[in-house]
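Undergrad: Quick one: the structure is below, and I'll ask about it shortly.
The values are calculated or read from the model by the stated rules, or taken from the named source; none is laboratory data. Since the structure is predicted, the reported quantities are computational estimates derived from the model, not experimental observations. Here the Cβ positions follow ideal geometry from the backbone for every residue, glycine too, while neighbour counts run over all protein chains shown. Just the protein is used for accessible areas: all its heavy atoms, side chains included, with ligands, DNA and RNA removed. Shrake-Rupley method; radii C 1.70, N 1.55, O 1.52, S 1.80 Å.
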Amino acid sequence: MKILRDGETLNVSHIAQLDAANCRSFSSRLRELLPSVQRIDIDLSRTRVDCGGLGALVALRNCARLRNHKVAIRLLNPTMATQRLFTLTQLDRLFPIEQR
Amino acid sequence: MTRSTGATCRLSLPTELEAVRDTVALAHRFLAEQNLEAQDLVACELALTEACNNAVAYSRPNSQNPLKGGHQASVHLELFCDAHIIEMHVIDHGSGFEWPDQIDLPDSSEEHGRGLFIIKSLMQDVSYLRGRDQNRLIMRIHRKTMVDDSPEGDARQSSGLEAPAPRRRVNNTTERASETAALSGRTPPPEQLAAVQQKLALSEHVIGTMAKEICFRSEELAAIFRSTSELGTGGDDLAAFSDRLLNDLLQLASADWFVLRLVPKQERKLVMASASRREVALPPVDLVDQQDSAECKAALSRSDVLFGKSQPLNPADPLASAFCGGCGLVKPIFMGEMLLGTLAVGRNESECPFLPNHLQVIQTFSEFLAIQTLNIRLHQEHLNHRLTSRELDIARSIQESLLPKRFPKLAGYGLAGFCINARQVGGDFFDVVPLSDDKVLLVIADVMGKGVPAALFAATLHTLVRTVAEWTHRPAEILERVNRLIFEELSSVDMFITAQMAVLDARKRRLMVANAGHCPLVLTHHDGHVEAISPEGMPLGIVAEATFEQMPISLQEHVSAVLYTDGLTEARNAHGQFFGQNRFFNWLQQHHALDKTAEQLSDALRAELKSFQGEISLSDDQTFLVLAEQISDVEAQPSEAMGAKISPALNTPIAQ
C-alpha cells in the first residue's frame, strides 16, 4: 500500500487487497493519519475488496465522525466487482466513487 | 482441479483468512474457463469470497467454535458448472451458525454483517445445511446462456437437498429427446454420462451426510426423551440415572469413557459419583490443594478443559492414572452459581478430538445431569425437612407434657401460667411442684438460646428440680444442688440457665425466693405499689459450687406475684421498641384489682403483649407464672382450663 500526502489530501493507492485478512491493519494505519488531513482519496483500481474491506472503510469513516474530524473519504477507480459490491450494499451512498 | 464437460472443481483451504484470496482466485480461474458471463463470474467470486470468509471464521481456533483450538479442519470447496447451472458448495467442519430467517442489509454505519446479505443478493438459490460433521453452504446461479443443443441437456438437475430451485428455462426439445433416448435404450453420449455421474456423486454425498445427520439427531433426541421422562419424577437414585444418561452419551459422542464427580454439600472437593468402568475408583480431588488436575481446573475456571495429544494430562492427574493416552474434555457442571460437579468424557485414541456436534451433545447431557442432581438434592432435603419437622412435633409434645397440667389447690391463692416459644421447641419453662398441702415450689427458668438444645436442657432441669425438691424445700439449696448436677453438661457446651425458685407457704402467707441470674420476681401490693425481688445468685452452669441467697417475703393481703422470663420485657413492637420493665410494671400497677384471679391477670397480660407486638413474630420465648390471692368462694378449681399451655410462636399466641 502506498500513502502519499499532498497538502491536506492523503492519496492511498497500490492496495492489493482490502479484505477480511488485512482490514484491521488497513484501518489502523489510516486512522493514525486522520487528524492531520481533510480528504482521503483511496485508489481501488488494483484492489480486491470483500465484506471485510467494506467494514474497514466504514470503520474509518465512523472513527473520523466520532472524533469530529471533517475528513472526506473518496474512492477512486474501483473494479467492476468492487463497484458492484458498493452498489449492492448501498455504501456508494456513503462514499463518493469516481472513475478517473 | 479437474475439468470436464459438466465440470467439477474441488479445492481445500486452510482455516486462515489469508488463504481465502488465493483459493478464490483458483476458483475464479476455473469458473472463467467455463465461459461464464462476466456478471455471473463477478457474482460467483464475490459470493464465494464471503462464504469462505464465513467458513474460516467459524472453523478458526478461538472463534465461536467451542473447540478452542482443539480441532482445526480445512474448508472445502466443490464447484460444479454445466451449461445451465453453476453450483458452489463451501464445506466447513466448525460449529456452524444459525442461518437467519431474514437477511437484511445492516445499517450503513455498521462495520460487520454484510456477508450473508451479499451472498443472498448475488446468488439465485442459497441453502445452508448445518450438520453433525460438517456444515455445507450451497449457492447456485442459473446460467443465462441458452444452449439449445447442449449435450448435457439432461444433467441439469440440481444436487441440492433443499426445495427445488426456481424453475429454469430449459429446452423442451432436448429434454424430450433425452427421455426418448432413455426409453428407446439408446446410450447417451459419453460426455453427457460423465456429467450426470458427477452430479449424481455430489448428490449422493450430500444425501449421505444428511442421512447420517438425521440418524444422529434422532438418537440424540431419543436419549434426551428417555432422560426427560426421569426428570422431576422424584426418584433419588442419581447413580442409576447418571449411568443410563452417560452410557447413552458415550454412544452419541462416540466416546469411550466418562467420569462423573460431584461436590458433596458443604465440602470443597470433587468425589467420584459414577464412571463408565465400574472398577475405576478415583480418589477425591481437593478443590483447594489439587488445582493442577483437569477436573479441578474446569471447576474453578467454570470452563471446559480439553486434553489430548497436544495438551496431555498431568501425570499426577487422577484421570491420567485411569485413562492414559486418550483425549477428551472435562466439563464443569453448574446450576447458576453453584458448582455441582464435573463430567469428564474421553476417547482412548489421542488424535481424535470431539467434533462440535459431540461437544453440543455433551453440553446438553451435562445440563440434564445438573437438573437431576439438583432435583435429587432438593428431594432429599425435603425428606429430611419433613423428618426433622416430625421430630420437632414430638419434641414439642414432650415439652408440653412437662408443663403442669393443673395447679395444686391452695388455700387463698390461685395460679396461672403461660409459655410460648419462638420456635417449635424452646428453652423456657415453668413448673409448680407440690411440696405439702400448703406448700408449693414455683419454678421458672430460661435456658440460654432457643430450639432443640435449649429444650433438651429445659427437660433435664425440669426433672432435676422435681427430684431435688424431694430432698429439700429450701429454694436456694435446690438451686445449689441442681447447679452442681447440671454444671458439667452446661459448661461443656458453653450454655447456662437462669432460673428462679420460690416456695409458697399458703397457710403462713410466706414466700421464700431464690434467684439464679433470672429476672426479678415482681410483687404488686394491695395499693398498686410494684416491688421487684431479686436475691443474689448467678446463672446455673457458670460456677460449679455456686451459692444462692434466699429471701423470705411475707405476703400481705391482696398481693400478687409474677415470675417471668426476659422474653416478656424484651418483646418488640413494629417500631422495634421493647415492651420493657417500666411498661410491664406500669401495666401491673394499672391492672391490679382486688378481685382479679390469677387466670384473669394472666389472660389480660397475654392480651396486652399480643396487642403490643402486633404482627411481629417472636424473637424469644415468653413465659410467665402468676400467683394471686383468691377469695375463698372462688378458690381455684383444678381443671384442664387452669393448666398451662405451651404454644409455638404464632401471632395469635394461645387459645385456652
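Undergrad: With a length cut of 18 Å (Cα positions projected on each helix's long axis) and a Kyte-Doolittle mean of at least -0.5, go through chain A and give me the DSSP H helices that pass. Working shown, then result.
TA: On the way: long enough: A:51-66 (22 Å, 1.01).
Length and hydropathy pass: A:51-66.
Undergrad: Any idea of the accessible area per residue across chain A, 1.4 Å probe, to the nearest Å²? Spell out each step's value before the answer.
TA: Working: 4910 Å² over 100 residues.
On a per-residue basis, 49 Å².
Undergrad: Let me ask something else about it. Using protein chains only and a probe of 1.4 angstrom, how many square angstrom of B:Glu267 are accessible, to the nearest 10?
TA: 80
Undergrad: Now a separate question. Using the alpha-carbon centroid of each, what span in Å lies between the range B:387-452 and the range B:457-499?
TA: 15
Undergrad: If you don't mind, another one. For the pair B:Arg302 and B:Gln577, what calculated FRET efficiency results from E = 1/(1 + (r/R0)^6), where r is the Cβ-Cβ distance and R0 = 60 Å, to the nearest 0.05? Display every interim value, and only then the final one.
TA: Values: r = 48 Å, r/R0 = 0.80.
Result of the calculation: an efficiency of 0.80.
Undergrad: List, by residue number, every residue in the range B:108-135 with a reduction of 40 Å² or greater in accessible area between the chain on its own and the complete protein assembly, 1.4 Å probe.
TA: Residues losing area: B:Ser108, B:Glu111, B:Arg114, B:Ile118, B:Leu122.
Undergrad: Among B:Met538, B:Gln550, B:Ala516, whose Cα projects farthest towards the positive end of the dipole of the range B:493-561, with charges put on the beta-carbon of Lys, Arg (+1) and Asp, Glu (-1)?
TA: B:Gln550
Undergrad: What fraction, in whole percent, of alpha-carbon pairs in the range B:428-543 exceed 18 Å separation?
TA: Values: 3264 of 6670 pairs.
Cα-Cα pairs in the range B:428-543 separated by more than 18 Å: 49 percent.
Undergrad: First compute the accessible area of the range B:333-461 with a 1.4 Å probe, then give the percent of it belonging to carbon and sulfur atoms.
TA: Details: 2980 of 5320 Å².
Here carbon and sulfur together make up 56 percent of the probe-accessible area.
Undergrad: For peptide A:45-56, how many partner chain Cβ atoms fall within 10 Å of a residue's Cβ, on average?
TA: Numbers: counts 0, 0, 0, 6, 2, 13, 13, 10, 1, 6, 7, 1.
Mean shielding count: 5.
Undergrad: Another question about this same structure. Measuring with a 1.4 Å probe in the full set of protein chains, what accessible area per residue, in whole Å², belongs to the range B:443-501?
TA: Details: 2570 Å² over 59 residues.
In whole numbers, the range B:443-501 has 44 Å² accessible per residue.
Undergrad: Moving on. When all protein chains stay in place, what accessible area (Å², nearest 10, 1.4 Å probe) is found for B:Glu18?
TA: Spelled out: B:Glu18, probe radius 1.4 Å, area about 100 Å².
Undergrad: Ok, one more. In vacuum, with every alpha carbon of the range B:296-436 counted as one equal point scatterer, what does the Debye formula give for log10 I(q)/I(0) at q = 0.11, 0.16, 0.17, 0.21 Å⁻¹? Two decimals, please.
TA: Results for the range B:296-436 at q = 0.11, 0.16, 0.17, 0.21 Å⁻¹ read -0.63, -0.91, -0.98, -1.22.
Undergrad: Still on this structure, I have one more. Nearest 100 Å², what total accessible surface is buried between chain A and chain B (probe 1.4 Å)?
TA: Numbers: alone 5950 and 31410 Å², together 35320 Å².
About 2000 Å² of accessible surface is lost on pairing.
Undergrad: Okay, next question. Tell me, what is the FRET efficiency for B:Glu337 and B:Asp292 to the nearest 0.05, using R0 = 22 angstrom and their Cβ-Cβ distance as r?
TA: Values: r = 24 Å, r/R0 = 1.10.
Once the sixth-power term is evaluated, E becomes 0.35.
Undergrad: Considering the alpha-carbon set of the range B:505-615 alone, what are its Rg and its Dmax in angstrom?
TA: 15.6, 46
Undergrad: Just subtract the alpha-carbon distance of B:Lys212 and B:Glu367 from 0.36 nm times their residue separation and send over the number in nm, one decimal. Spell out each step's value before the answer.
TA: On the way: separation 155, 0.36 × 155 = 55.80 nm, distance 2.48 nm.
Fully extending the segment from B:Lys212 to B:Glu367 adds 53.3 nm.
Undergrad: How about B:Lys144: which lysines have a C-alpha closer than 27 Å to its C-alpha, ignoring those fewer than 8 places off in the same chain?
TA: Within reach: B:Lys120, B:Lys199.
Undergrad: A further question on this structure: Relative to the present Cα-Cα distance, how much length would full extension add between B:His526 and B:Ile376 at 0.36 nm per residue of separation?
TA: Values: separation 150, 0.36 × 150 = 54.00 nm, distance 6.53 nm.
Gain on extension, B:His526 to B:Ile376, equals 47.5 nm.
Undergrad: Mind listing, in residue-number order, the residues in the range A:65-86 that have at least 40 Å² less accessible area with every protein chain present than in their own chain alone (1.4 Å probe)?
TA: Checking the loss per residue gives A:Met80, A:Ala81, A:Arg84, A:Leu85.
Undergrad: Also: How big is the Rg/Rh ratio for chain A, C-alpha atoms only, Rh by Kirkwood, two decimals? All intermediate terms of the calculation are to be shown ahead of the outcome.
TA: On the way: Rg = 12.2 Å, Rh = 13.3 Å.
Reported Rg/Rh, Kirkwood definition of Rh: 0.92.
Undergrad: With the contact rule set at Cα under 8 Å and sequence spacing of 6 or more, what percent relative contact order holds for the range B:189-348? Show your work: numbers first, answer last.
TA: Working: 215 pairs, mean separation 29.9, N = 160.
Once normalised by length, the contact order is 19 percent.
Undergrad: Any chance you could tell me what percent of the C-alpha pair distances in the protein assembly as shown go past 39 Å? Mind dumping the intermediate values first?
TA: Working: 179588 of 285390 pairs.
That fraction is 63 percent.
Undergrad: Would you please classify the overall shape of the range B:382-493 from the alpha carbon gyration tensor, given that a ≥ b ≥ c denote the square roots of the eigenvalues, rounded means a/c under 1.5, and beyond that prolate means a/b larger than b/c while oblate covers the rest?
TA: Numbers: a/c = 2.79, a/b = 1.49, b/c = 1.87.
Here the range B:382-493 falls in the oblate category.
Undergrad: Given B:Lys409/B:Lys439; B:Lys405/B:Lys439; B:Lys409/B:Lys596; B:Lys269/B:Lys331; B:Lys405/B:Lys450; B:Lys508/B:Lys596, which pairs have Cα atoms separated by over 20 Å? Walk me through the numbers on the way to the answer.
TA: Numbers: B:Lys409/B:Lys439 10 Å; B:Lys405/B:Lys439 18 Å; B:Lys409/B:Lys596 17 Å; B:Lys269/B:Lys331 16 Å; B:Lys405/B:Lys450 23 Å; B:Lys508/B:Lys596 22 Å.
Going by Cα-Cα distance, B:Lys405/B:Lys450; B:Lys508/B:Lys596 fall outside the 20 Å limit.
Undergrad: Mind giving me the FRET efficiency for B:Lys265 and B:Arg484? R0 is 45 Å, r the Cβ-Cβ distance, nearest 0.05 is fine. Don't jump to the answer; show the numbers that get you there.
TA: Values: r = 41 Å, r/R0 = 0.92.
After rounding to 0.05, the efficiency reads 0.60.
Undergrad: Where in chain A are there GluC sites (Glu not before Pro) that are in a DSSP coil and have at most 11 other Cβ atoms within 10 angstrom of their Cβ?
TA: Numbers: sites: A:Glu8, A:Glu32, A:Glu98; in loops: A:Glu8.
Answer by residue number: A:Glu8.
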